[in-house]
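Inspection log for the structure reproduced underneath, given as structure tokens.
The values are calculated or read from the model by the stated rules, or taken from the named source; none is laboratory data. Because the structure is predicted, anything quoted here is derived from the model rather than measured. Positions of Cβ are backbone-derived with ideal geometry, glycine not excepted, and every protein chain shown enters the neighbour counts. Heavy atoms of the whole protein, side chains included, go into the accessibility calculation; ligands, DNA and RNA do not. Shrake-Rupley method; radii C 1.70, N 1.55, O 1.52, S 1.80 Å.
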Amino acid sequence: MENTTPKLLLPEIEDYHRLEVYRQNGGYEQFKKALQMSPDEVIDVVKKSGLRGRGGACFPTGLKWSFMPKGNDKPKYLCVNGDESEPGSFKDRQIFEYNPHQLIEGILIAAYAMGITSTYVYIRGEYHKWINLFQKALDDAYEAGLVGERIKQTFGTNFSTEIYVHKGAGAYICGEETALMNSIEGKRGYPRVKPPFPAQNGLWGMPTTINNVETIATVPAIFKIGAEQYAKIGAEGHPGTLLYGVSGHVNKPGVYELPTGILLTELIYDICGGVPGGKKVKAVIPGGSSMPPLRGDEIEGVRMDEESLKKLGTHIGTAGVMVMDEDTDIVAVTLRIAHFYHHESCGQCTPCREGCGWMEKILKRIANGEGTSRDLDLLVDVANNIEGNTICALGDAAAWPVRGFVTKFRDEFEKAVKEKRVFVAPNVVHGKRATKTNLIFDENLEYKPAM
Ligand SMILES: Cc1cc2nc3c(=O)[nH]c(=O)nc-3n(C[C@H](O)[C@H](O)[C@H](O)COP(=O)(O)O)c2cc1C
Ligand code: SF4
């Protein structure tokens, strides 16, 4: 299939990650353009573009920026969220590797628009390679006088801003925006109760905006092609291009930049070469492991944008698309996801701490051939009691996939319960290839042979 999508985030230009190549292709000119406008006009451009956050919640970016108080009486901060720890999400690292200067330029534009004094780019702790690559690009930008005090001299402006790289603390919860701020402050990554919202009381109690890496890296592209043009790409209401990270049972997994609103089937079959062995799709998670799944027989005609997916009871999330073929054991998948969220719950609030534990325990019971039909209703009940009753959205993130899988694949769960079927291990267990097929879980969710 011919692909005519504009490559706004990952242009096919050799060595684009290098400062000189980025500048030869118009790099840092958009920041110059923004400096000719007032900060409010810059925010208006972002509003008009229709850009919505790429970190999962799809919040309108220009609107978020407009919540920041005006005036320079206090320091103001921007946190760029590159924690990227959600299973199925692996797109921000492409920007760190292939287009770091567009991210830096986006930070400069955002900083000018909101009067930001310092930006912290929070990068997942395990991303050693990408931390080093981004730090190198940032060092080059500092050396060239594009960041820091020397902005004034280079661009003939009174504005300047600093950018720092902050290594993540190795926990999924640190990607939640308020936990991220605590982590930067050197505290435990506990989410904070909102309100107060970060724009009023954020990092060190100062006004703060948190945006995803892809969101910020998109901003120079909007200035380059114009907000009206950008708003025409992809789906109305959720325009632009997305970095779709496709994993699981497809022939060509990877990160693809394509417009919002493309057909899910086009993504799976045309872009990613279909399912290995020509097998059928059993399930798809459209936006990272926290999103409710779609059944394989539901995916025809589904468009990949927030408004379309919302109508189907799910969300675009991080556009991390996980494809599962007809042989996938849905009970095993649900248990694995529940284990992740139980493990990552910070434990501050009861519904999440206890509920995640209960969901995992019940699922383990079913996977070990000891479940009952009542357990299926109990799972949905526990998920319902977590949803909306917690400090942060990790509770919802844990509840949605479990409720979604149990509801949409009830037949499989019923069968597992009825047949007292002991869970069949997937091929890969904690990075190791399983040698036996009839394995059950022990207390630590490690596999042991079934007696
Ligand atoms: C448990 C949890 C983990 C999260 N992890 C990330 C992450 O790794 N990256 C990210 O951008 N947003 C993450 N988010 C969403 C952030 O809280 C926040 O909404 C986002 O960074 C805002 O950026 P955006 O408006 O540009 O999307 C997470 C949220 C939760 C509840
Ligand atoms: S919802 Fe879970 S992760 Fe979030 S604050 Fe509560 S216990 Fe912690």
Go through 356, 72, 269 and say which Cα lies farthest out towards the positive end of the charge dipole of the chain; charges sit on Cβ, +1 for Lys and Arg, -1 for Asp and Glu.
356
Of the listed pairs 194/408; 32/311; 279/311; 361/408, those with alpha carbons more than 30 Å apart are 194/408; 32/311
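What FRET efficiency do you get for residue 144 and residue 188 if R0 is 25 Å and r is their Cβ-Cβ distance, rounded to the nearest 0.05? List each step's numbers first, then the result.
On the way: r = 38 Å, r/R0 = 1.50.
Efficiency computed from Cβ-Cβ geometry: 0.10.
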Taking the Cα centroid of segment 181-201 and of segment 332-398, what is the distance between the two, rounded to the nearest whole Å?
25
Cut-off under 5 Å, modelled amide H: who pairs with residue 262 long-range:
304
State, to one decimal in nm, how far the label point of residue 229 lies from the label point of residue 372, with both points 7 Å from Cα in the Cβ direction.
6.5
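Give the accessible surface of segment 19-231 per residue, rounded to a whole number of Å², with probe radius 1.4 Å and ligands, DNA and RNA excluded. Working shown, then result.
Details: 8260 Å² over 213 residues.
Heavy-atom accessible area per residue stands at 39 Å².
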Share antiparallel - DSSP beta bridges, segment 116-247, percent rounded to 5:
25
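Could you tally the net charge around residue 65, taking each other residue with its Cβ under 14 Å from the Cβ of residue 65, Lys/Arg +1 and Asp/Glu -1?
On the way: positive: 47, 48, 52, 64, 70, 76; negative: 40, 41, 44.
Residues close to residue 65 contribute a combined charge of +3.
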Hey, what do the phi angles of segment 22-34 turn into as Karplus ³J(HN,Hα) couplings, whole Hz, using 6.51/-1.76/1.60 and θ = phi - 60°, x for Gly and Pro?
4, 6, 4, 9, x, x, 6, 6, 6, 5, 4, 4, 5
In terms of the alpha carbon gyration tensor, root eigenvalues a ≥ b ≥ c, rounded if a/c is under 1.5 and otherwise prolate when a/b exceeds b/c or oblate, segment 315-381 is oblate
First check a/c for segment 323-427, with a ≥ b ≥ c the square roots of the eigenvalues of its C-alpha gyration tensor; if it is under 1.5, answer rounded, and if not, answer prolate when a/b is larger than b/c or oblate otherwise.
prolate
Report in % the part of the accessible area of segment 234-325 that belongs to carbon and sulfur, leaving out ligands and nucleic acids; probe 1.4 Å.
50
Put +1 on the Cβ of each Lys and Arg and -1 on the Cβ of each Asp and Glu in segment 234-325; which of 235, 304, 323 then has its Cα farthest toward the positive end of the dipole?
323
Per-residue [θ]222 nm for the chain (sum of -39500 (n - 2.57) over DSSP H runs n ≥ 4, rounded to 500):
-11500 deg cm²/dmol
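What shape does segment 19-231 take by its C-alpha gyration tensor, where a ≥ b ≥ c are the square roots of the eigenvalues and a/c under 1.5 counts as rounded, a/b above b/c as prolate, and the rest as oblate? Let's see the in-between values first.
Working: a/c = 1.39, a/b = 1.20, b/c = 1.17.
It is rounded, given that a/c, with a ≥ b ≥ c, falls under 1.5.
If you put +1 on each Lys and Arg Cβ and -1 on each Asp and Glu Cβ, how big is the dipole of the chain around its Cα centre, in Debye rounded to 20? The partial results should precede the final answer.
On the way: 52 positive and 57 negative charges, 116 e Å.
Dipole about the Cα centre, nearest 20: 560 debye.
What dipole magnitude, in Debye to the nearest 20, does segment 234-325 give about its Cα centre under +1 on Lys/Arg Cβ and -1 on Asp/Glu Cβ? Don't skip to the end; give the middle numbers.
Details: 8 positive and 11 negative charges, 68 e Å.
With only Lys, Arg, Asp and Glu charged at Cβ, the dipole is about 320 debye.
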Rounded to the nearest 20 Debye, what is the dipole magnitude of segment 1-89 about its Cα centre when Lys and Arg each give +1 and Asp and Glu each give -1 at the C-beta?
480
Spin-label pair residue 167/residue 21, simplified geometry with 7 Å Cα→Cβ offset, distance in nm
2.7
For a quick protection proxy, order the peptides 354-367, 98-111 by their average other-Cβ count within 10 Å, most packed first.
98-111, 354-367
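Counting Lys +1, Arg +1, Asp -1, Glu -1, what net charge surrounds residue 19 among other residues with beta carbon under 13 Å of its beta carbon? List each step's numbers first, then the result.
Values: positive: 18, 23, 136; negative: 15, 20, 105, 139, 140, 143.
Within the 13 Å Cβ shell, the charges total -3.
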